Amino acid sequence: MLRINRNLWLDPGEVSFTYIRAGGPGGQNVNKVASAAQLRFDARHSPSLDDDIRDRLLSIAGTAATKDGVIVITARRHRSQEMNRDDALGRLIALIQKASEKPKRRRPTRPSAAAKRRRTEGKQHRAGLKRMRARVSGDE
């Protein structure tokens with residue numbers, strides 16, 4: 001079992017890996033070895049996640065999530081397959097940890113009477129300055 005946080009565990013059977021060739025430095029080794037790891041996790045059908053976490057996870061994942069609710073993470077930072085696999089798994093765990101935190105509800109607030117007064121005084125001051133800059137009428 002993969003531990004996400006103290007209340008949430010993930011079955012390793014829900015995560016699948018495929019290995020692909022990665023570009024970048026490495027010489028001939030890049031052309032021969034599939035060192036990049038591609039992780040797939042079916043978040044929509046996962047029994048480990050409750051509905052709230054599942055919805056937040058799919059929204060946080062953004063373009064990493066497919067239409068079917070499968071999260072695809074590709075790791076190709078390292079030259080070894082094992083390190084890329086661990087990197088992809090770590091990124092998935094971080095995503096699920098972030099999704100498991102309930103967002104704080106926003107409390108709507110109102111401006112205080114003093115703030116309203118300062119605002120109107122500032123507007124009146126500005127209007128007075130503009131009035132002073134205006135042309136003088138031709139009566140004088």
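Here residue 51 fulfils each of the conditions (1) surrounded by 10 or more Cβ atoms within 10 Å (Cβ to Cβ); (2) free of Cβ contacts under 8 Å to residues at least 60 places away in the same chain; (3) closer than 27 Å to residue 3 by Cβ apart from (1).
Scan the stretch 86-112 residue by residue and report those that are surrounded by 11 or more Cβ atoms within 10 Å (Cβ to Cβ) and among the hydroxyl-bearing types (Ser, Thr, Tyr). 100 - this is the single residue of the stretch 86-112 that is surrounded by 11 or more Cβ atoms within 10 Å (Cβ to Cβ) and among the hydroxyl-bearing types (Ser, Thr, Tyr).
Going by the structure shown, is residue 69 surrounded by 10 or more Cβ atoms within 10 Å (Cβ to Cβ) and touching a His at 6+ places or on another chain (Cβ under 8 Å)?
When the stated conditions are applied, residue 69 passes them.
Against the list (1) outside any loop (DSSP other than H, G, I, E, B); (2) closer than 19 Å to residue 54 by Cβ, the condition residue 87 fails is (2). Quick one: would you say residue 68 is in a helix (DSSP H, G or I) and among the acidic types (Asp, Glu)? The answer is no for residue 68. All conditions but one from (1) farther than 17 Å from residue 3 by Cα; (2) touching a residue at least 12 places away in the same chain (Cβ under 8 Å); (3) more than 14 Å from the chain's Cα centre (by Cα); (4) surrounded by 12 or more Cβ atoms within 10 Å (Cβ to Cβ) apply to residue 83; the one that does not is (2). Within the stretch 1-20, being touching a residue at least 40 places away in the same chain (Cβ under 8 Å) and closer than 16 Å to residue 88 by Cβ holds for 2, 4, 10, 15, 17, 19, 20.
Since every read-out is calculated from the coordinates, none of them should be taken as a lab result. Since this is a predicted model, take the numbers as computed values, not measurements. Reconstructed Cβ throughout: ideal geometry from the backbone, glycine too, with neighbour counts over all protein chains shown.
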